[in-house]
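Structure record follows, encoded as structure tokens.
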Amino acid sequence: MPAHFSSSCFDPRPATVSFEAARRAAAALARPLDLLEEVPLARATGRILAAPIAAPLSLPPFDQAAMDGYALCLAGKDAIPAVLPVSGRTQAGDRPGVLVAGTAQRIMTGAPLPSGADTVAMQEQVARRGDLAQFGPGLKPGANIRRAGEDVTQGAVILEKGDVLGWKEIALLAALGIAAVPVVRPLRVAIITTGSELHAAGRSLPPGAIYDCNGPMLAALLAGPNTHIISRSVPDDPVAITRALEEARRTADMVITTAGMSVGEEDHVRDAVERAGGRLEVMKVAMKPGKPLAFGMLAGALFVGLPGNPQAAAFAALAFIRPMTRALLGQAPARQMTAETGFALAGKPDRTELLPVRLSVEHGRLIAHRSGPEGSHRMMTMACADAVVVAPAASAPLPAGTILEVLPFDQGSFGRCAT
């Protein structure tokens, strides 16, 4: 059951919960949707398997030659024959043949081993003279044969539910003749940025207005083959926000808003969630940046109310929304990543701090360095970062070299900007 906190949507001072308590509440809300569809293998890259896959056949499907050479039988022989007549030829794609006793058969890589043969002599060890093959020393029984099922056994589970299909998984499935796979239906995410000051890029700005970066930023941060994202912006108007929430809840699995979650005169999202039939489980988190952060339900959709500050919105999305989307899609939680800090921190006993950092490997250790000047309003500091370090609430300073959790922006992409 979701965690409940003693506060109301209309309480001007809702209870503040710790960062870890908010994580637990978010995890409790995000239950797998278990919605699947079948897609052709050609369109399955990046998709998440909705069911385990068992091999419909073995790999290799038959005994086959591992290289070009000559198939022969050494079973029961006291010595390797020096010379044998060549009785036929088998190439890849041919039906399996039958080896005539006392002969060798020319065979090509991948071709089915003829019945009666138990060894393939590589062509470099064979001298061919007309219809005769002379074999060199050192040939061992059973050599140079790929045995049926030595790679994959028919009926074996080769991929599990929740696995992400990349190029190597596609190769395996194609080799097994699988043309379509059951995958999780893409998550439908509605992003609603609120604020009368927001304008779309490409338009001239009137005095006092700013461009909306939260909508494009969050759409890019959450983009992928397993998400379908719709974004819109609405002014600071209670009716407009309520209508946008009501429309989003009808089709979305997750509704995300930015700004309007605090208690100012133009912060209307909390009340609009209630009017749209939703409820909030968390409304304030002891973290910086991102304190006005909310989770709850909006009819059948999961609701997340993010702060309006871009850094706060992005870092809260990394810390909460990404894990929630994994859970909704039926994936296991991502493995926690840690790094040593290359800087000292003054401990904050009352809150968790999320700090933009650059990651680098130094002497075999992953080190986190500050990516720029402090200030959650700074866009370049975030643009030059490739991760967020999670500094937990602490009553004492955290010295350089402290090992802390990091949330990478993109796995494997480090060090875009120089100091």
Check your understanding: Of the residues 370, 335, which is out of contact with any Phe, Trp or Tyr (no Cβ under 9 Å at 6 or more places or on another chain) and of a type outside the set (Val, Ile, Thr)?
Key -> 335
Point to revise | Odd one out for residue 342, checked against (1) within 27 Å of the chain's Cα centre (by Cα); (2) buried (at least 16 other Cβ atoms within 10 Å of the Cβ); (3) not hydroxyl-bearing (Ser, Thr, Tyr) | key: (1)
Exercise for review: Collect the residues in the stretch 353-368 that are in contact with a Leu (Cβ under 8 Å, 6 or more places away or on another chain) and surrounded by fewer than 18 Cβ atoms within 10 Å (Cβ to Cβ), keeping them in residue-number order.
Suggested key: 360, 366
Check your understanding: Are there any pairs, at least 6 apart or on different chains, whose C-beta atoms fall under 7 Å, with the first in the stretch 298-311 and assigned by TED's automatic domain parsing to the domain that holds residue 189 and the second in a strand (DSSP E or B) and surrounded by fewer than 20 Cβ atoms within 10 Å (Cβ to Cβ), and if so, which?
Key -> 303/297
Review point. Do we find a residue being modelled with pLDDT of 95 or more, under 38 Å from the mean Cα position of the chain (by Cα) and either surrounded by 13 or more Cβ atoms within 10 Å (Cβ to Cβ) or farther than 30 Å from residue 165 by Cα (or both) anywhere in the stretch 69-89?
Key: no
Exercise for review: Please tell me if residue 175 is farther than 25 Å from residue 227 by Cβ, surrounded by 12 or more Cβ atoms within 10 Å (Cβ to Cβ), under 24 Å from the mean Cα position of the chain (by Cα) and not hydroxyl-bearing (Ser, Thr, Tyr).
Suggested key: yes
Exercise for review: Residues that are touching a helix residue (DSSP H, G or I) at 6+ places or on another chain (Cβ under 7 Å): find the strands (runs of 3 or more DSSP E) completely inside the stretch 300-392 holding 3 or more of those.
Suggested key: 301-306, 352-362
**Study point:** Residue list for the stretch 225-271, restricted to those being closer than 12 Å to residue 194 by Cα, crowded, with 24+ Cβ neighbours inside 10 Å and of a type in the set (Gly, Ala, Ser)
**Key:** 259, 260
Exercise for review: With respect to residue 401, determine if the residue is outside any helix (DSSP H, G or I) and in contact with a Cys (Cβ under 7 Å, 6 or more places away or on another chain).
Suggested key: no
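The values are calculated or read from the model by the stated rules, or taken from the named source; none is laboratory data. Everything quoted here is computed from the prediction, not taken from an experiment. For neighbour counting, all protein chains shown are included, and Cβ atoms are generated from backbone atoms with ideal geometry for every residue, glycine included.
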